[in-house]
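Here's the structure, in structure tokens; my notes come after.
Please treat every number below as a calculation from the coordinates, not as lab data. Because the structure is predicted, anything quoted here is derived from the model rather than measured. Using ideal geometry, Cβ is built from the backbone for each residue, glycine included, and neighbour counts are taken over all protein chains shown.
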Amino acid sequence: MKKLLPDIPSDEEINRKLQEIERMITYKELLSGHVLSDVPIAHQQHLEDLLIKVNKLRAEWGKPLIVTSGYRSMQDHLRIYHAKGIIDPSKIPMQSKHLSGDACDFSDPDGSLYKWAFENQDKLAEWELWCEKDTKGWLHVQRLPPKSGNRFFVP
Ligand SMILES: [Zn+2]
């Protein structure tokens, strides 16, 4: 007999899928490998606020999000730029919001997250989040406004 319907997924499979869909962004992910005790109290407070705000975005987005870069120490920051071949300190943005626990990047390989965020600027305003403009492959989100005040800004 010809099979008309695909096999019924097991409860375990469904639960695994549901857990993945419902999984919120964790503090650990925002810490990006740092130990909380090494993070200054002020930065911890920023991260706590960021965590709540990005999870509002996460809930509305409705799909898993991967943090590619969260909190950065100055050492991490310099390493990231040095790896890109940028050594000149005047070419390295020292005001990066990653350094103070105010920003994180999400993986966005197909640009769908960026597009969605760009189309939902009213939501970003409600959550008090700002994004870098024209990023390709990731979405930078921060809890503080840039100098321009633009929801999507050129860093
Ligand atoms: Zn970023």
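How many percent of DSSP beta bridges within segment 28-155 run antiparallel, rounded to 5?
85 percent
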Legend entry - Helix 41-61 axis, angle to the chain major axis (alpha carbon atoms, nearest 10°): 40 degrees
Legend entry - Other-chain or far-sequence residues with amide H under 5 Å of residue 153's (modelled H): 131, 132, 133
Legend entry - Neighbour-limited loop hits for trypsin sites (Lys or Arg not before Pro), segment 1-108 (at most 16 other Cβ within 10 Å; DSSP other than H, G, I, E, B): 2, 3, 23, 84
Inset, instruction - Specify the inter-centroid distance of segment 1-30 and segment 76-135, based on alpha-carbon positions, in whole Å. - result: 30 Å
Inset, instruction - Grab the DSSP H runs of the chain that are 4 residues or longer, score each as -39,500 (n - 2.57), total them, divide by all residues and round the 222 nm result to the nearest 500 deg cm²/dmol. - result: -12000 deg cm²/dmol
Legend entry - Simple spin-label estimate for residue 150 and residue 122 in nanometres, 7 Å along Cα-Cβ: 2.2 nm
Legend entry - Under 30 Å from the Cα of residue 133 - lysines, other chains or at least 8 residues apart: 28, 53, 56, 63, 84, 91, 97, 115, 123, 147
Legend entry - Under Karplus coefficients 6.51, -1.76 and 1.60, residue-wise ³J(HN,Hα) of segment 93-100 in Hz, glycine/proline x: x, 7, 9, 3, 6, 5, 6, 10
Inset, instruction - Would you mind checking which residues have amide H under 5 Å from residue 108's amide H? H placed 1.01 Å from N; only 5 or more apart, or other chain. - result: 138, 139
Legend entry - Debye equation applied to the C-alpha atoms of segment 83-128, log10 I(q)/I(0) at 0.14, 0.15, 0.17 Å⁻¹: -0.57, -0.63, -0.76
Legend entry - Inter-label distance for residue 22 and residue 38, nm, one decimal - labels placed 7 Å from Cα along Cα-to-Cβ: 3.4 nm
Inset, instruction - Please work out the ratio of the alpha-carbon Rg of segment 25-153 to 2.2 N^0.38 Å and round it to two decimals. - result: 1.02
